Amino acid sequence: MKNTNDITASFGTLYHPKSALVFYEDRENTDVYVEHFDMDKNGNPINAHPLTEREANALSKSLQTEKEKDKAFLKSNGILPTNILHVNPNTDKGAVLWYTKGQRKQLYFVNDLNIPSGMAYVPPMIWYANKNSLSVFALTSDRRSTEKTPLYFAPFLNIYEDGRVCMGSVNINIKNSASVEEFTGAWEDYFFNSYFSHLLGQNSPIIGNCVHLWKDLIGTGKPFPKEVLKKKNKTLKNLL
């Protein structure tokens, strides 16, 4: 997929050097002395002085805050949303399984497809993501899914037959401090705010022509025709 909007605002905060610490040890490595430097506007160290208790406490508080942020990964901001089906909060291998009901969304398509970008109804969906990748599937019902719920191919372009989404040049930036709500919201934004450009694999993800389907749905207000969904030989349990 190609990104649709200018996302430079999401690249992160620009940080400027404010201070520096230099650690000194004696030859026997038994005694340590810490010197604190301020930084001028050009990033040069100035005002060298022994590290004070106040400065040490500020440093300790900052390090503790970062540690707590890591612990917050995929935690809920309150009561766990009802559309969350499974959470693995591991900072390195964390993943979330969730679903969304059928909804009307803004969709974007590259010009070569001759599909106008616009609003259209999409089917209920199953989403499975970690910090680096996303897989999506379709459902035929808005009801909360169970382990036995059958999965269908997601009726979109840019999706491999196993459900993985090709994100192309989209800059994925999921923070270690992201709550489960921020995590799922970010992935849904990445998916729907990107351009659909091409089919992946040898087969259509629907019964019929996928390009013609979206040409027929964009800007019309028509409900998504669930009868075109193509069933996979998997259930939700296969994702757990």
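Condition test on G185, is it open to solvent by less than 70 Å² (accessible area, probe 1.4 Å) and either part of a loop (DSSP other than H, G, I, E, B) or in contact with a helix residue (DSSP H, G or I) (Cβ under 6 Å, 6 or more places away or on another chain) (or both)? Steps first, please.
On the way: open to solvent by less than 70 Å² (accessible area, probe 1.4 Å): yes; either part of a loop (DSSP other than H, G, I, E, B) or in contact with a helix residue (DSSP H, G or I) (Cβ under 6 Å, 6 or more places away or on another chain) (or both): no.
No.
Checking A178 against (1) open to solvent by less than 30 Å² (accessible area, probe 1.4 Å); (2) modelled with pLDDT of 95 or more, which single condition isn't satisfied?
For A178, the exception is condition (2).
Within the stretch 91-114, track down each residue that is farther than 19 Å from T220 by Cα and either assigned to a strand (DSSP E or B) or hydroxyl-bearing (S, T, Y) (or both).
Answer for the stretch 91-114, where residues must be farther than 19 Å from T220 by Cα and either assigned to a strand (DSSP E or B) or hydroxyl-bearing (S, T, Y) (or both): T91, A95, V96, L97, W98, Y99, T100.
For the stretch 143-185, which positions are under 16 Å from N132 (Cβ atoms) and of a type in the set (A, V, I, L, M, F, W, C)?
V165, C166, M167, V170, I172, I174, A178, F183
For the stretch 106-115, what are the residues that are surrounded by 14 or more Cβ atoms within 10 Å (Cβ to Cβ) and out of contact with any strand residue (DSSP E or B) (no Cβ under 7 Å at 6 or more places or on another chain)?
Initial filter on the stretch 106-115 (surrounded by 14 or more Cβ atoms within 10 Å (Cβ to Cβ)): 107-110, 113, 115.
Residue satisfying the conditions is L113 alone.
I'd like the full set of residues that are open to solvent by less than 40 Å² (accessible area, probe 1.4 Å) and either more than 14 Å from M125 (Cβ to Cβ) or without any contact (Cβ under 8 Å) to a residue 60 or more places away in the chain (or both), limited to the stretch 92-105. Can you show your working first?
Here is the first cut: in the stretch 92-105, the ones open to solvent by less than 40 Å² (accessible area, probe 1.4 Å) are 94-100, 102.
Matches in the stretch 92-105: G94, A95, Y99.
Check off (1) in a strand (DSSP E or B); (2) surrounded by fewer than 17 Cβ atoms within 10 Å (Cβ to Cβ) for Y128 and give me the number that stays unchecked.
(2)
Any chance the stretch 135-156 includes a residue that's modelled with pLDDT under 95 and more than 30 Å from I79 (Cβ to Cβ)?
no
State all residues of the stretch 220-237 that are outside any helix (DSSP H, G or I) and under 27 Å from the mean Cα position of the chain (by Cα); if no residue qualifies, say none. Lay out the reasoning, then the answer.
If we filter the stretch 220-237 for residues that are outside any helix (DSSP H, G or I), which is where we start, we get 220-225, 229-235.
Of everything in the stretch 220-237, those that are outside any helix (DSSP H, G or I) and under 27 Å from the mean Cα position of the chain (by Cα) turn out to be F224, L229, K230, K231, K232, N233, K234, T235.
For S133, all conditions in the list (1) open to solvent by less than 10 Å² (accessible area, probe 1.4 Å); (2) under 16 Å from the mean Cα position of the chain (by Cα) hold save one; what is the number of the exception?
All conditions are met except number (1).
Check H198, H212 and return the single one that is open to solvent by 30 Å² or more (accessible area, probe 1.4 Å) and part of a loop (DSSP other than H, G, I, E, B).
Values: H212 fails: part of a loop (DSSP other than H, G, I, E, B).
Of H198, H212, the one residue that is open to solvent by 30 Å² or more (accessible area, probe 1.4 Å) and part of a loop (DSSP other than H, G, I, E, B) is H198.
If the Cβ limit is 6 Å and pairs must be 6+ apart or interchain, which residue in the stretch 203-224 that is on the phi > 0 side of the Ramachandran plot pairs with which residue that is at pLDDT 95 or above?
Qualifying pairs under 6 Å: G208/V228; G219/G118.
The values are calculated or read from the model by the stated rules, or taken from the named source; none is laboratory data. The structure displayed is predicted, hence computed values, not measured ones. Neighbour counts are summed over all protein chains in view; Cβ atoms, including those assigned to glycine, are modelled from backbone coordinates with ideal geometry. Note: areas computed on protein heavy atoms with side chains; ligands, DNA, RNA excluded. Shrake-Rupley method; radii C 1.70, N 1.55, O 1.52, S 1.80 Å.
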